1. Here is a check on your reading of the model: is N35 in a loop (DSSP other than H, G, I, E, B), touching a residue at least 40 places away in the same chain (Cβ under 8 Å) and of a type outside the set (F, W, Y)?
2. Of the numbered conditions (1) touching a Phe, Trp or Tyr at 6+ places or on another chain (Cβ under 7 Å); (2) outside any loop (DSSP other than H, G, I, E, B); (3) open to solvent by less than 60 Å² (accessible area, probe 1.4 Å); (4) under 25 Å from P60 (Cα atoms), V147 fails exactly one; give the number of that condition.
3. Of the conditions (1) open to solvent by 20 Å² or more (accessible area, probe 1.4 Å); (2) closer than 23 Å to I195 by Cβ; (3) part of a strand (DSSP E or B), W277 fails just one. Which one is it?
4. Given the residues K220, K224, K265, K234, which is the only one that is open to solvent by 20 Å² or more (accessible area, probe 1.4 Å) and in contact with a Phe, Trp or Tyr (Cβ under 8 Å, 6 or more places away or on another chain)?
5. Given the conditions (1) hydrophobic (A, V, I, L, M, F, W, C); (2) touching a strand residue (DSSP E or B) at 6+ places or on another chain (Cβ under 7 Å); (3) modelled with pLDDT of 95 or more, report the number of the one that I257 does not fulfil.
6. If you go through segment 141-160, how many residues are at pLDDT 95 or above and under 24 Å from S215 (Cα atoms)?
7. Restricting attention to segment 53-74, which residues are within 29 Å of the chain's Cα centre (by Cα) and part of a loop (DSSP other than H, G, I, E, B)?
8. Please specify each residue of segment 114-142 satisfying the condition of being outside any strand (DSSP E or B), under 15 Å from V167 (Cβ atoms) and open to solvent by less than 10 Å² (accessible area, probe 1.4 Å).
Amino acid sequence: MAENRNDIPVYLFTGFLEAGKTRFIQETLEDKRFNNGERTLLVVCEEGEEEYDASSFSAPNVFIRILEGLEELTAENLSFWLKKDDCKRVVIEYNGMWLLDELYSRMPEPWMIYQEFMFADAGSFESYNSNMRQLVYDKLKSAELVVFNRYSDSIDRMTLHKIVRGVSRRCEIAYEYADGTVKYDDIEDPLPFDINAPVIEIGDDDYALWYRDMSEEPEKYEGKTVRFKCRYLKRKRVPSGSFIVGRHVMTCCADDIQFAGLICKWEDAESIEGDSWHVLTAKINYRFSRAYGKKGPVLTLLSHEDCEVPEQPVASFY
């Protein structure tokens with residue numbers, strides 16, 4: 001991201017306690033390629049066993065502020081600390097138990113996240129994901145790089161890979177061994193359906209993946225024919241000759257279940273019974289729709305048939 005002269009660049013490091021954030025930030029601030037003298041505010045939102053050694057930084061230009069609790073994370077405090085020490089950029093070691101929205105809602109207006117990294121202990125990450133899924137998802141959703149520390153070949157790399165890819169397909173994944181060796185993830189993620197088939201068949205377990213892929217790369221689906229199981233919904237604001245199709249999707253946990261719907265055109269749309277399940281075959285075109293208020297995937301019904309409610313009516317990524 002190119003820097004704007006008015007922005008205050010923020011370098012955000014997330015992860016859970018003892019995940020390796022402090023060590024990485026320490027090494028980063030010791031590196032003259034990153035720390036060449038620019039006055040830097042380091043905001044520490046949790047204290048672990050490791051402490052910062054400011055005497056080892058490549059320049060005496062880092063001003064450390066340690067927060068005692070979330071109540072100290074305010075726009076007023078952040079602005080005051082930045083101005084007091086005349087800092088031009090910010091490094092944040094974020095508390096893994098705090099949601100990122102708490103930070104985003106409290107950052108001063110000119111502050112801008114320039115890079116975001118997540119750190120995790122490879123040996124305990126699966127347990128964190130099982131027991132604190134919402135917090136794990138929260139840290140993965142916008143990370144540009146996920147670093148698994150203390151990795152060894154005895155740890156199932158595919159399990160870690162799937163957890164990350166269930167949230168984000170765009171971030172890089174790195175595995176750091178105890179000796180400092182780093183390997184980057186090169187596992188391919190083929191889609192679980194054939195996008196080049198005359199009719200793309202979306203399985204009951206694949207709706208969430210397909211919906212996300214279509215949303216991220218709509219041009220791939222232009223003019224394609226797709227078949228999937230979905231609910232039909234009728235809503236007053238939907239244009240005449242159209243209705244809504246889709247399924248509920250759980251991204252993280254039960255609290256974030258949302259209906260992932262699409263507009264479908266059909267000349268007999270007024271005849272459908274709302275909130276019913278069907279197997280839909282439709283053609284996809286990426287175009288403007290008043291229902292979206294912008295361009296989006298618009299389906300044209302080719303055929304359909306009634307069906308039973310799926311065993312798992314709520315689709316998910318994992």
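1. Against the criterion (in a loop (DSSP other than H, G, I, E, B), touching a residue at least 40 places away in the same chain (Cβ under 8 Å) and of a type outside the set (F, W, Y)), N35 does not qualify.
2. For V147, the exception is condition (4).
3. (2)
4. Matching residue, one of K220, K224, K265, K234: K234.
5. I257 satisfies all of (1) hydrophobic (A, V, I, L, M, F, W, C); (2) touching a strand residue (DSSP E or B) at 6+ places or on another chain (Cβ under 7 Å); (3) modelled with pLDDT of 95 or more except (3).
6. 4
7. L67, E68, G69, L73, T74
8. F125, V136, D138, K139, L140
The values are calculated or read from the model by the stated rules, or taken from the named source; none is laboratory data. Because the structure is predicted, anything quoted here is derived from the model rather than measured. Cβ coordinates were reconstructed from backbone atoms using ideal geometry, including for glycine residues, and neighbour counts include every protein chain displayed. Just the protein is used for accessible areas: all its heavy atoms, side chains included, with ligands, DNA and RNA removed. Shrake-Rupley method; radii C 1.70, N 1.55, O 1.52, S 1.80 Å.
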